[in-house]
Structure formats: structure tokens, C-alpha cells
Amino acid sequence: VLFHLGEMITATASVSDEILELLGQEMNYQIQVVSPEEEDRELLGSFDISFGENHGGEEDLAARPPVVTVMGHVDHGKTRLLDTVRKANVRESESGGITQHIGAYQVPAELEGEERLITFIDTPGHEAFTAMRARGAKSTDIAIIVVAADDGVMPQTVEAINHAQAADVPIVVAVNKIDVEGANPAKVRQQLTEYNLVAEEYGGDTMFVDISAKQGTNIESLLEAVLLTADAALDLRANPDMEAQGVAIEAHLDRGRGPVATVLVQRGTLHVGDSIVAGDASGRVRRMLDEHGADITAATPSRPVQVIGFTSVPGAGDTFLVVDEDRVARQIADRRRARERNAELASRRKRVSLEDLDAALKETNTLNLIIKGDNSGTVEALEDALIKLDVGDEVELRVIHRGVGGITEGDINLAIADNVIVMGFNVRAEGKATELANREGVEIRYYSVIYQAIDEIEQALKGMLKPEY
Ligand code: GDP
């Protein structure tokens, strides 16, 4: 039927929603296409768990700290500012005064004699911001745009402003490097009027603060400006008395502790012992650590916290929620994983037209890869490098799946369907995965050096190693 509909695809390929509906009509079935969110809701509904909408009534809402992202042009001082703010607030007594990088941190700030908190996303640049937004997670309340006063507005400054404005996130401008000779903070103010950022002293409503991230000048004023902007523009409240929901900020596989994820609680309170699902990872919160490495037992709205207890590594930008039982968490994660796999397959596979059928049959000229590694940075770096390999038109390289963590049965199953080489970078295959791979003749290769991996794949592409695929 599909062939008659003009869809030249094989048994393991995915089809579009429209084609599914057509196929249904042709075969006298009624097809109902359900969105991932609807599916989750349905599943949760069958367990009678609130999801999404049920945030409690007006009376349940309590004030929460603003969550801030620092953006701006390269070298304008984003990293330095994040460091200065973080270090200015180290509590000497704890963990020998060392603050750890966990992806986000909270600092106290004073406004009109009242001590409040501000949460900083500890990753400079808008990549993190955009990645999270692309996944539908709104993680930021306020953007600090850093502009170096000796350099002025630059392309990435404009880009950052565009991102923040598109996301409807209020902006505070930090005019940095005022200690440098030739710094011209007035010029920055003048330049930014072009982007609808008019300083208060010029009659606008954007707060500009002149700082030196290097010397620690005016950092308190900047924090104050963040709080003032939050109070003026936003109503930051959340219900702390419900099961926690939020977003994963970063995650990696720790050799000793297993998957470790930093999550930002957005509503509700996260407790040790909670069953949790983030993206397609699930688990039970065994321990929670704050940015000082101290154990905490409960995390309220806007609190970033490192969570130990996931059985696999969630992705940055994945939303998380707490559910009643481990079983439910696992089911949701399983479904999401299957869904992601299907979407991945669908997006990776080219649509094949009649004319291409011939070529499609010769698709053995494609080297398909699955890349698994111990952290998302390496996996991305490896994928980027491999994609850039160019050995001519006859062979093509495709990465059909990538992820953080050990090689799983799921990866092998994917590999069987698609004639794939599975690459493990600083990770091993789980026992069952190895068995399955041996049984099905799936090739797994292990690496711990990037150039070696690239080299070998290049050789494989050139046909020198003649891998069996
Ligand atoms: P990023 O690319 O925006 O994260 O910029 P960095 O934070 O890495 O800063 C780039 C360079 O500018 C580094 O050498 C910093 O030490 C320096 N820098 C940052 N802030 C200041 C400042 O306020 N004054 C001076 N003089 N140098 C600064």
C-alpha cells in the first residue's frame, strides 16, 4: 500500500503523520496521531498524577528567586563575571571554601535591607539558553547582557539581545571592564538604544550597571538591578508544596557516582527519595548536593541541585518531573526513549523517491554510526569531527544516534536494524548489550583518544579496514 502511495520505504523506516493517516484510510483503520505531551499526560492520568497545569491555586504560590543567564560577545567577560559572583559568595566554613561548578549556583543578594537569593545558570553564552528553549524548557527569568566598555556592541551582543527579546526575557545590561583605559560606558548606552534598550538615566526602563568583573566593582549593584528588574517586570512565584518539576541543566557520567545531573527546580519541592524522570532517563533521588558540595534533603523552586540516582544520563534542557512510583518513572522514560528513537530514525533517513530507489538499494555505501561517550561535550566533538571527514562521493557517513552513557541493548537493537558500527568513547557496553551484539554480529569499537577514533573511521571509510557493515 505504501509503495502505491509513492512511499518507497523499507520495514524499519518511519513515515510522516500524513502518510500514516493516508495508510489508515487505505486500509480502513482510523488513525489518531497523539503528541508526545498528550501521551505523557494520558499515561500520568491513568495513575492519577497531576501534570503541567495543576500548579495549585493563587494561595499556594510563594515568591521564588529569579533565574539569571549571562550572555554577550566573546571575551566581554561573561565567564569572569560568573566566577566573581560565585567566589564573592563562598561560605568559608563549608567544604573548605570551594565552590564547585555544577552548572548553576545560588547567591544571596540584598535589596532594601532584605536578604534575597538569585540563581545563576553557570554556563556563559546563549548556546545553553537556545538549546533549552529549543526543547521547550524556559529556564531563564532574566538575562544579563555583558558588554565590554572598551569594545562596545559587537555581533554576538546583538545576537544575545535578539535571543532574550524573542524569549520575552527582561534584560539587565552589565557594562564591563570599566577599569580598562579607554573604556567608554556612555557609548555602550548610546549604541544599545538602537536595540530598544534605553537606560533609565536616559528615560528608558532598562537598568545599566557599570562593573569590573576583574576587580569586583559594583557587583552588588548588578545583583540589586537584577532583583529590581525582577520585581518590576515579573511575578516570580511558584507552588512549593507539590511534586517537583523543572529542567535538567547539565549531566554527565561520573565514574564513581554514576549518572550525575544538575537540575533546576521550577515548581514544587524535590526530596531525597523521590522517583524522578527527566527526558528519557529515570531513577530515584539518592542524594542531592548543592554548589558547595553539601548534602541537602529538599530543594525548593529556583534551587539548582546536583542529583545522584538516575539510571542513565538525561540531556541538558530535558524537563523533569517527580512521580509517585519508580515504576511510573520508568514507564514514562521508556516511552520517551522509544519515541526519541523513532523520531531520530525518521529524521536521519532520507526520503527515497522512485528515482532514488536504485541508489537506495546500494546504500551499503553508507557507513552508519552510533556514538556513545562519557559526556555530551566529547560526543558532540567526536560527531562534529567525523561529519567533517571527506573521502569523496562514493561513501557517506551518517551518525544515526548519539548519547551519553554506556552502550545499551537499545543501541544494539538500533544498530541491527541499520547496519551500524557502535562507537564507545570512554564507555563500555552493558553485559546484555555485549551478548546481543555478539549474537547479532554488531560491531562495537572502543576508544579513549579522539584522533584515534577519527583515524580509524576515516580508514574504514576509505575501505582500508574493510569493516563488515
Ligand atoms: P567571555 O568570553 O565573555 O566569557 O570572557 P572572559 O570572562 O573569558 O573574559 C575575557 C578576558 O577579559 C579575560 O582575560 C578576562 O580576565 C578579561 N576580563 C573580564 N572582565 C574584565 C574586567 O572587568 N576588566 C578587565 N581589565 N579585564 C576583564
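Mind counting the residues in the range 75-90 that are within 21 Å of the chain's Cα centre (by Cα) and either more than 6 Å from the ligand (Cβ to nearest atom) or in a loop (DSSP other than H, G, I, E, B) (or both)? Steps first, answer last, please.
Residues of the range 75-90 within 21 Å of the chain's Cα centre (by Cα): 78-79, 82.
With either more than 6 Å from the ligand (Cβ to nearest atom) or in a loop (DSSP other than H, G, I, E, B) (or both) added as a condition, the list becomes 82.
So the answer is 1.
What pairs can you find where one residue is in the range 73-88 and under 16 Å from Glu224 (Cα atoms) and without any contact (Cβ under 8 Å) to a residue 12 or more places away in the chain, the other is within 8 Å of the ligand (Cβ to nearest atom) and hydrophobic (A, V, I, L, M, F, W, C), and their Cβ atoms are less than 9 Å apart, with a gap of 6+ or different chains? Listed by first residue and then by second, the contacts come to nothing, as the list is empty. Of all the criteria given as (1) touching a residue at least 60 places away in the same chain (Cβ under 8 Å); (2) within 25 Å of Gln306 (Cβ to Cβ); (3) open to solvent by 60 Å² or more (accessible area, probe 1.4 Å), the one not satisfied by Arg257 is (1).
Checked against (1) touching a Leu at 6+ places or on another chain (Cβ under 8 Å); (2) among the hydroxyl-bearing types (Ser, Thr, Tyr); (3) surrounded by 22 or more Cβ atoms within 10 Å (Cβ to Cβ), Thr262 meets all criteria but (1).
Looking at the range 374-402 only, could you name the residues that are touching an Asp or Glu at 6+ places or on another chain (Cβ under 9 Å) and open to solvent by less than 20 Å² (accessible area, probe 1.4 Å)? Listed by number, the residues that qualify are Leu386, Val399, Ile400. Evaluate the following for Leu397: is it more than 20 Å from Ala338 (Cα to Cα), at pLDDT below 85 and part of a strand (DSSP E or B)? For Leu397, the condition - more than 20 Å from Ala338 (Cα to Cα), at pLDDT below 85 and part of a strand (DSSP E or B) - is met.
Every listed requirement among (1) open to solvent by less than 10 Å² (accessible area, probe 1.4 Å); (2) modelled with pLDDT under 95 is met by Asp241 save one, (1). Among the residues making up the range 183-224, a single one is open to solvent by 60 Å² or more (accessible area, probe 1.4 Å), within 13 Å of the ligand (Cβ to nearest atom) and touching a Lys or Arg at 6+ places or on another chain (Cβ under 9 Å): Lys214.
The values are calculated or read from the model by the stated rules, or taken from the named source; none is laboratory data. Remember, predicted model here, so these are calculated numbers, not experimental data. Neighbour counts are summed over all protein chains in view; Cβ atoms, including those assigned to glycine, are modelled from backbone coordinates with ideal geometry. For accessibility, only protein heavy atoms count, side chains too; no ligands or nucleic acids. Shrake-Rupley method; radii C 1.70, N 1.55, O 1.52, S 1.80 Å.
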